[in-house]
1. So what is the relative contact order for segment 91-186, in percent, with contacts set as C-alpha pairs under 8 Å and at least six apart?
2. Taking the Cα centre of segment 129-221 as the origin, how large is its charge dipole in debye, to the nearest 20, when only Lys and Arg (+1) and Asp and Glu (-1) carry charge on their Cβ atoms?
3. Just the accessible area for M118, please: 1.4 Å probe, Å², rounded to the nearest 10?
4. Rg/Rh for segment 64-193: what does it come to with C-alpha atoms and Rh from Kirkwood?
5. Too long at a 25 Å Cα-Cα cut-off: which of K168/K225; K145/K235; K97/K225; K121/K172?
6. Might you tell me the accessible area per residue for segment 125-193, computed with a 1.4 Å probe and given in Å²?
7. Let me check something: with ligands and nucleic acids excluded, how do T103, T137 order by accessible area (1.4 Å probe), largest to smallest?
8. Heavy atoms of the protein only, probe of 1.4 Å, neighbouring chains included. What is the accessible area of L105 in Å², nearest 10?
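The values are calculated or read from the model by the stated rules, or taken from the named source; none is laboratory data. As the structure is a computational prediction, the values presented were derived from the model and not from experiment. All Cβ positions, glycine included, derive from the backbone under ideal geometry; neighbour counts span all protein chains shown. The accessibility values were calculated without ligands, DNA or RNA, using every heavy atom of the protein model including side chains. Shrake-Rupley method; radii C 1.70, N 1.55, O 1.52, S 1.80 Å.
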Amino acid sequence: MEDNQSMLTSLVRTCASVLLAGTLTITALPGCSASQQQASPSEEGSSATQTESGQPQEEVAATDKESFKDEASFAQWPDEAIDRHDDASAYAVAELKGWQLETLLQQQQYAWSERNQMWIKEDGSAAVVVVNAQGETLSDDDIAKLEEGVSEAEVSYRIVTSKYSNVKRAFKGLVSAVLTCEDSEVIDGAAIGVCTGPSGKRCLVIVGESNDAIVATVVGEEAVKSGLLETIAGKQVGTSIDSAFEAMTGRAIGSVTN
């Protein structure tokens, strides 16, 4: 079991490192504001440019976002899409399309941070980030183009929150209370679960703690099949939900431990 503990806790640290290695650190979450996170023109290293029609790109972007907000204002989501703290849950990243997820985040008082390339709650208590197979964070435009998280083969999702006191409570609030858990295990301060939502597609959810905050990683079944989980883990854990769960817990899904 010790090997399984090492594998799972190592994977938790690797998943959290995407957040810790960037300009945003877990401990910096409290007090973040949307205005502080926006990069200045000088930071972006470019001045205003125009489209072929002569319209400034900033105006085009503003128009697109405005129409997006108009459409989003009528959107309604299942209660399972948010946890009891009104933050995005594992259901949200697993079952919603990218544009739906971003709409939900806006409605729940998250703001896009251009500098950190992630959605951050206005009070700094939670964040959502999407990471590709190369370990790079996706832009808000790229996120908007994604299908449901469980259907995506090239990305994984991170939910970070400071609102749970331990991993067990976080797993319940973010995962098992909103998705159907086929099986789960808590090992050495980390939790792993095999879950499904209304789509019927499975996902692997790994929850751990880093720098006094909870990090929940959601990897859809298609991403596990494509080898994305092995890329994240840096070792062979299998390319199926069943084999990955067994590699990290030491038992098959549905089996009973002593």
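1. The normalised contact order for segment 91-186 reaches 30 percent.
2. Dipole size: approximately 460 debye.
3. 10
4. Answer for segment 64-193: 0.95.
5. Cα-Cα > 25 Å for K168/K225; K145/K235; rest within.
6. Values: 2700 Å² over 69 residues.
Computed with neighbouring chains in place, this is 39 Å² per residue.
7. T137, T103
8. Number for this one is 0 Å².
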